[in-house]
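Below you'll find the structure, written out as structure tokens, and then a few comments.
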Amino acid sequence: MSEHKTTTFSSKIGLIMAAAGSAVGLGNIWKFPYIAGENGGGAFLIVYLICVALFGLPLIMTEFLIGKRSGKSAYGAFQTLNGNKRWNWISWLCMLTAFLIMGFYFVVTGWCFSYLSEAVVHVFSGLDTEALSAHFVEVSSNMPRMVVFSIIPVVLTAAVLWFDVNKGIERLSKILMPLLLMMMLMMAGRVLMLDGSNIGMQFFFRFDFLKITPTVVMEAMGQCFFSLSIGMGALITYGAYMPKTQNVTATSIQVIVLDTMVALMAGVIVFPAVFAFGFNPAEGPQLVFVVLPAIFEQMSFSWFSSVLFFALLCIAALTSTISLMEVAVAFVSEASGGKLNRHKSVLIVSGVVVVLCVLCVLQPRLFDYFDEATACVLMPLGALSMSLFVGWALPKNGEKGVIHADKGIKRWFRKIYIFMLRWIVPAAIIVIFLNSLGLI
Ligand code: PHE
């Protein structure tokens, strides 16, 4: 284990903010609106919320408990709890997922940094709908620029990890998360006053049963895992840093509520604006990058609002990339048996990530592939494996049972939790997989 094994967050709220910082990110503000837009709006929303209700609590709790009980990151946790190496492949799965997500996530973070720099110099003022779409294409296909802008967040993330985990992440998240929420509330208020915004609200909130297809269900499950950072070990690491007295259930619920609120708010900002300005809701990954600048043009203090918002978006992305990179860094330093210290591991991981980012910039098909494969295949697989590990492999009430990591869990709730983890969660994931493959 890295030298951080015994570090804990200095406060409970610090851990909640850091875990929420991992969850709340581009997944909520960039990905949620575009996936919802491509998958029928309201139909997607309802399936998404069902997935959050079904998977969110048992799986976030599981990752926290694995980390808290073992005191280890995703690398050492399974072996420590199980006493043998039989389940260690889950650690490898987590690391693979972390690298693939980082490959495309840093590119999108790069778009955010690029937009921030342009907001500062007022590039968007006066651009109409078409010009904004054309602008995105121009910026994102400018390879040298995109390579540079993707490397900036890699360096910033590496810098935070280079120093101590609780100092960097905790301080940042405690101040900036609430600021982001306030800013989004103001934007939602402005957008809802636009003419035609009600069409967007209908698109987002009107539930049409006929629009639910196996693809919609699969995408909603993937988005749920991606947005909550479930199924690749990020929350195991934070569980290991959790103060011993922290209540796992309450913390998990707080993270879910915050994350879902931000996703809903992103929808309430983006869709009314999409229809009011005449964009296409199924525009794809560029959706928020064309819609947001158009919204800022309508707001008072447009320069200030757009700079502040893109700055907060960059920071929300960074609090997620920190947790992503931490999985890989802890993995590399532990897997080397202590030969590679934290600093060396940070350098190695950043080097690999830069290569992956460059590949994603040069080859947009790879970008889409990483995006799709991680959310819809690897993260559900990771979650499935973890639920089987805790539900079946570890004796439920024995010394090794992770539930003992939290004395605060009530007896009746324990039973429900274990039942969900043994039966409902694995069955639901398997059924959704088979259904999307057309096998049932
Ligand atoms: N949950 C993050 C987001 O919504 C992405 C993420 C996935 C972060 C997995 C860490 C681990 O942006």
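Data for the structure
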read-out: Residue list for the range 390-440, restricted to those being in a loop (DSSP other than H, G, I, E, B), among the basic types (K, R) and in contact (Cβ under 8 Å) with a residue 24 or more places away in the chain; value: K400
read-out: The range 214-230, residues that are in contact with a Cys (Cβ under 9 Å, 6 or more places away or on another chain) and not in a helix (DSSP H, G or I); value: I230
read-out: Number of the exception - L258 against (1) surrounded by fewer than 21 Cβ atoms within 10 Å (Cβ to Cβ); (2) more than 13 Å from the ligand (Cβ to nearest atom); value: (2)
read-out: Every pair of residues 6+ apart whose Cβ atoms lie under 8 Å, when the first sits in the range 90-114 and is within 27 Å of L132 (Cα to Cα) while the second is among the polar types (S, T, N, Q) and surrounded by fewer than 23 Cβ atoms within 10 Å (Cβ to Cβ); value: W111/S140
read-out: Residue count, the range 310-350 (criterion: more than 16 Å from the ligand (Cβ to nearest atom) and either closer than 30 Å to M265 by Cα or not polar (S, T, N, Q) (or both)); value: 14
read-out: Conditions (1) surrounded by fewer than 18 Cβ atoms within 10 Å (Cβ to Cβ); (2) under 15 Å from L287 (Cβ atoms): number failed by A131; value: (2)
read-out: Breaking point among (1) at pLDDT below 95; (2) closer than 27 Å to F331 by Cβ, for E130; value: (2)
read-out: Qualifying residues in the range 69-81 (those that are out of contact with any Leu (no Cβ under 7 Å at 6 or more places or on another chain) and surrounded by fewer than 24 Cβ atoms within 10 Å (Cβ to Cβ)) - the one farthest from G239 (Cα to Cα); value: Q79
read-out: Meets criteria (within 16 Å of the ligand (Cβ to nearest atom) and basic (K, R)) for K31; value: yes
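The values are calculated or read from the model by the stated rules, or taken from the named source; none is laboratory data. Owing to the predicted nature of the structure, the values given are computational and were not obtained by experimental measurement. Positions of Cβ are backbone-derived with ideal geometry, glycine not excepted, and every protein chain shown enters the neighbour counts.
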